[in-house]
Amino acid sequence: METQELAHIEAIKQLKARYFRLMDQKRWDEWVEVFTPDVHIDTSDDGGPDFVLDGRDVFRAKLQPMIATAVTTHHGHMPEITLTGPTTATGVWAMFDHVLWPDGGFGELIGSGWYEEEYRYTDGVGWQISTMVLRRNRVVLGGKQIIP
């Protein structure tokens, strides 16, 4: 693998790290910048077809109020990044999240699964997530296992 290819893969890893950190820090204006404006999001395992969204502003409008008061911890592990062209790539990440709503809302969520993603590189912007699919293999919400 060439040095430039390794640099692109590392940049994508850094991008995903920013995604998790900025979400947990609730830095929404910076967080939306990890996505292309037309990003396709599918987290339907979390709650049905209304969790299939298009556009980073639409995604922010859906997610931000859901976790605004929650203490969140998101981890991404074991990335499998494949460059598919000079400006495109795919990736799979194992994930774990812990969400605690102190206001009594949903209580506590503990989950795990995988992100399946596509990335796009734009000059002057860098790598961004263009498709994000979250498939969970386990979710415990409020002390009850809801997935599987």
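For the residues 103, 50, the requirement of being more than 19 Å from residue 26 (Cα to Cα), modelled with pLDDT under 95, open to solvent by 30 Å² or more (accessible area, probe 1.4 Å) and of a type outside the set (Ser, Thr, Tyr) singles out 50. Would it be correct to say that residue 82 is under 17 Å from residue 11 (Cα atoms), among the hydroxyl-bearing types (Ser, Thr, Tyr) and open to solvent by 70 Å² or more (accessible area, probe 1.4 Å)? Yes; evaluated as a whole, the condition is true for this residue. Note on region 104-113: residues that are on the phi > 0 side of the Ramachandran plot and assigned to a loop (DSSP other than H, G, I, E, B) total 2.
Quickly run through region 124-148 and pick out the residues that are of a type in the set (Val, Ile, Thr), open to solvent by 70 Å² or more (accessible area, probe 1.4 Å) and either under 14 Å from the mean Cα position of the chain (by Cα) or at pLDDT below 95 (or both). Within region 124-148, just 146 meets the criteria.
Counting residues in region 114-123 that are out of contact with any Gly (no Cβ under 9 Å at 6 or more places or on another chain), surrounded by 17 or more Cβ atoms within 10 Å (Cβ to Cβ), among the basic types (Lys, Arg) and in a strand (DSSP E or B) gives one or more.
Of the set (1) under 22 Å from residue 30 (Cβ atoms); (2) out of contact with any strand residue (DSSP E or B) (no Cβ under 6 Å at 6 or more places or on another chain); (3) surrounded by 16 or more Cβ atoms within 10 Å (Cβ to Cβ), all apply to residue 57 but (3).
The values are calculated or read from the model by the stated rules, or taken from the named source; none is laboratory data. Predicted model, so just to flag it, every value in this text is computed and none were measured. Here the Cβ is made from the backbone with ideal geometry for all residues, glycine too, and neighbour counts use every protein chain on show. Please note that ligands, DNA and RNA were not included when accessible areas were found on the heavy atoms of the full protein model with its side chains. Shrake-Rupley method; radii C 1.70, N 1.55, O 1.52, S 1.80 Å.
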